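Undergrad: The structure that follows is given in the form of structure tokens.
We did not get these values from a lab; they are worked out from the coordinates using the rules stated. As the structure is a prediction and not an experimental result, all values here were calculated from the model. Positions of Cβ are backbone-derived with ideal geometry, glycine not excepted, and every protein chain shown enters the neighbour counts.
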Amino acid sequence: MAATPSIMLPLGTKAPDFNLFDTISNRNCSLTDMKSDCATVIMFICNHCPYVKHINRELVKVVEEFVPQGVSFIGINSNDIENYPEDSPENMKKNAKQQGYSFPYLFDSTQEVAKAYQAACTPDFYIFDKDLKLVYRGQFDDSRPGNTIKTDGMDIRIALNNIIADRKVDTLQKPSIGCNIKWKY
């Protein structure tokens, strides 16, 4: 597994809109339809990545904690499914059910959305405010597969709690580390 860091899209960037197939509801969804009036978390994730598998249980807890507070979560898989069939839409739907995902899990078949967000790895997190301006990008927490740090979603939790409390999100942010996006060549 190649450890690839986030590119760290500039803070203040407006969220690029998209319309992608949701593997859970079997319909297309746009960012405009799913955005929150509080905060919108866009997560580039996939099924096979050990870094995503490592945080899945805690990710579901974070979603369950913050959705009732008005936060929207959107998962996007942009991986090449020809070379990584485990990440196919059919398998995305199965994985979402197994993991207990309660958020849309979208398939970026053209990889254009990942490119627009400059996503580099899985997982890669972006938090946008009510105006869809980027206020956080980077890691879930300091835990990684193989290190002894417990996964707790602390970086995401702190950013979301600050947004909910109408406080400024600290601009000192750590890049996520994960498997590189599996680009089509």
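Undergrad: Only bridges whose two residues both fall in region 4-180 count here: according to DSSP, what percent of them are antiparallel, nearest 5? Could you put the intermediate results ahead of the total?
TA: Details: 21 of 30 bridges.
If I count the DSSP bridges inside region 4-180, around 70 percent turn out antiparallel.
Undergrad: Let me ask something else. Based only on other Cβ atoms within 10 Å, what is the fewest-to-most ordering of CYS49, CYS121, CYS29? Please report the intermediate quantities before stating the final value.
TA: Details: CYS49 26, CYS121 23, CYS29 17.
Ascending Cβ contact count within 10 Å gives the list CYS29, CYS121, CYS49.
Undergrad: Which of the trypsin sites (Lys or Arg not before Pro) across region 102-154 are loop residues per DSSP, with 15 or fewer other Cβ within 10 Å?
TA: On the way: sites: LYS115, LYS130, LYS133, ARG137, LYS150; in loops: LYS130, LYS150.
Filter output for region 102-154: LYS130, LYS150.
Undergrad: For region 27-88, take the convex hull of the Cα atoms, compute a quarter of its surface area, and give me that in nm², please.
TA: Values: hull surface 19.9 nm².
Mean shadow area of the hull around the Cα atoms is 5.0 nm².
Undergrad: For PHE44, PHE21, what ranking results if the residue with the fewest other Cβ atoms within 10 Å of its Cβ goes first? Provide the component values of the computation, followed by the final result.
TA: Numbers: PHE44 28, PHE21 17.
Sorted ascending by nearby Cβ count, the order is PHE21, PHE44.
Undergrad: If the cut-off is a Cα-Cα distance under 15 Å, which aspartates and glutamates reach LYS168, setting aside same-chain residues fewer than 8 apart in sequence?
TA: ASP129, ASP131, ASP155
Undergrad: Within the chain, which cysteines find no other Cys whose Cβ is under 4.7 angstrom from their own?
TA: CYS29, CYS38, CYS46, CYS121
Undergrad: If you build the convex hull over the alpha carbons only and average its shadow over all orientations, what do you get for region 4-180? Give it in nm² to one decimal.
TA: Values: hull surface 36.3 nm².
Spelled out: convex hull of the Cα atoms, projected over all directions, averaged, 9.1 nm².
Undergrad: Taking a threshold of 20 Å on the Cα-Cα distance, which of the pairs LYS97/LYS133; LYS53/LYS182; LYS61/LYS130; LYS93/LYS115; LYS61/LYS182 fall above it? Please list the in-between numbers first.
TA: Working: LYS97/LYS133 31 Å; LYS53/LYS182 16 Å; LYS61/LYS130 22 Å; LYS93/LYS115 23 Å; LYS61/LYS182 27 Å.
In this structure, LYS97/LYS133; LYS61/LYS130; LYS93/LYS115; LYS61/LYS182 exceed 20 Å between Cα atoms.
Undergrad: Hey, how many Å between the Cα centroid of region 1-50 and the Cα centroid of region 140-182?
TA: 15 Å
Undergrad: Sort THR23, THR122 so that the residue with the fewest other Cβ atoms within 10 Å of its own Cβ comes first and the one with the most comes last. If you can, show how the numbers build up before the last one.
TA: Values: THR23 22, THR122 28.
By the 10 Å Cβ count, ascending, the order reads THR23, THR122.
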